[in-house]
């Protein structure tokens, strides 16, 4: 079987985001276990005719990422449709609405859709009116590079990125669904009981002062008087790396306060690094965490703060149990399983 995979996300702003990590990890694993399959990796997928099918690993609701006419049987990965679930947070102009019309039209000739979670599948059925039989849920996974770091590695990461001894961690983007301003408000509550704590926000977007989301985050930090307590670090590589694993490992807790997620990959990365997790009881997140995290209501800063205070006051045995549950939960997901299930979808489409 000859499969074209569009690797455009690896050449764009998505390279270090979840979409880029998905594309890279999927491609690497498919090539590793591919057997007799041949994979053509290109940013000009639509120009190649000599193949059995084509996989587009990224779909944008409001930009033209999918061709209307397809020469080959095609598969597309739709990671989520969050802007449709939360339209009040993601306003769309006229151009976006026109692009959305053509993107929906382009989906009609796609043979199969892959998505990251059962929650995203329900959303795709609801908002895009897709036949459920065409949608395949294939979970993501943490890279094997994420594991508990040595004390030396953690100390080196602290020195390199000028990190304090005690910190709570968030890793990711700054989109409105990520709920960062409420996390900061919750952190100000946590400080009343834990004055030596810090909040570390890691992600490339934190360097972009022009983003409205970053302006809102900085305004919240200023209003809460937390300039010395909330640390923004944009230089940490978000690709699987020793630095990021060490930063996860050294954190007192990982916090994912999202209002909505299509999956929630950093949670599995934190689990794999043996860091306790506090996260929302919302969208796909319970699907990822199982019972291995402390759950909060993302709409209420006090609830987020209560979850953080709970994890910080766990007794040693309680913390060990929670960490062990998280580590076991992370092992339920693997890129090998993701790649094999993706290959099964390829085979189903080719036979259809």
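Report the full-extension gain for the segment residue 234 to residue 299: residue separation times 0.36 nm, less the Cα-Cα distance, to one decimal in nm.
20.8 nm
In a GNM of the chain with a 10 Å cut-off on Cα contacts, which of 70, 15, 121 has the highest mean-square fluctuation?
Looking only at 70, 15, 121, the biggest GNM fluctuation is shown by 70.
What relative contact order, as a whole-number percentage, does region 151-330 give when Cα pairs under 8 Å and 6 or more residues apart are counted?
Reported relative contact order: 23 percent.
Relative to a virtual label point 7 Å from the Cα of residue 97 in the Cα→beta-carbon direction, which members of region 119-157 show backbone nitrogen distances below 15 Å?
No residue passes the distance filter.
Kindly identify region 151-330 as rounded, prolate or oblate by the Cα gyration tensor criterion: order the square roots of the eigenvalues as a ≥ b ≥ c, call it rounded if a/c is under 1.5, otherwise compare a/b with b/c, prolate if a/b is larger, else oblate.
Judged from the Cα gyration tensor, region 151-330 comes out rounded (a/c under 1.5).
Place a point 7 Å from Cα of residue 196 in the direction of its Cβ. Which residues in region 157-185 have their backbone N less than 15 Å from it?
164-168
Fully extended, how many nm does the chain gain between residue 341 and residue 222 (0.36 nm per residue separation, minus their Cα-Cα distance)?
Length difference between fully extended and current span is 38.1 nm.
Which of 116, 46, 291 has the fewest other C-beta atoms within 10 Å, and how do the rest follow up to the most?
291, 46, 116
When a/c is below 1.5 the answer is rounded, else prolate if a/b is larger than b/c, else oblate, so apply that to the chain with a ≥ b ≥ c taken from the square roots of the Cα gyration tensor eigenvalues.
Note, shape of the chain comes out prolate.
Between residue 40 and residue 155, what's the calculated FRET efficiency when r is the beta-carbon distance and R0 is 35 Å? Round to 0.05.
0.20
When the chain is treated as a GNM, springs tying every alpha-carbon pair under 10 Å, which of 93, 262, 225 comes out with the largest mean-square fluctuation?
Greatest mean-square fluctuation among the candidates belongs to 93.
For every helix of n ≥ 4 consecutive DSSP H residues, a contribution of -39,500 (n - 2.57) applies; sum these over the chain, divide by its total residues, and give [θ] at 222 nm rounded to the nearest 500 deg cm²/dmol.
-12500 deg cm²/dmol
If neighbour count is taken as other Cβ atoms inside 10 Å, put 118, 55 in order from fewest to most.
Going from least to most buried by this count: 118, 55.
Given 0.36 nm per residue, what is the gain on full extension from residue 69 to residue 316 after removing their alpha carbon distance, in nm?
Computed gain between residue 69 and residue 316 is 83.0 nm.
Using a 10 angstrom cutoff on alpha carbons, build the Gaussian network for the chain and name the most mobile of 189, 48, 138.
Maximum fluctuation in the GNM of the chain, among the listed residues, is at 48.
Using label points projected 7 Å from each Cα along Cα→Cβ, tell me how many nm separate residue 15 and residue 109, to one decimal.
3.2
Taking 8 Å as the Cα distance limit and 6 or more residues as the minimum spacing, I'd like the relative contact order of the chain as a percentage.
Here the relative contact order equals 18 percent.
Relative to the longest principal Cα axis of the chain, at what angle does helix 94-107 sit, 0 to 90 degrees, rounded to 10?
The helix 94-107 is inclined about 60 degrees to the chain.
Ranked by Cβ crowding within 10 angstrom, fewest neighbours first, how are 268, 107 ordered?
Going from least to most buried by this count: 107, 268.
Here, each number is a calculation from the coordinates, and none is a lab measurement. In this text the structure is predicted, and so the values were computed from the model without any measurement. Heads up, the Cβs are rebuilt from the backbone with ideal geometry, glycines too, and the neighbour counts pull from every protein chain shown.
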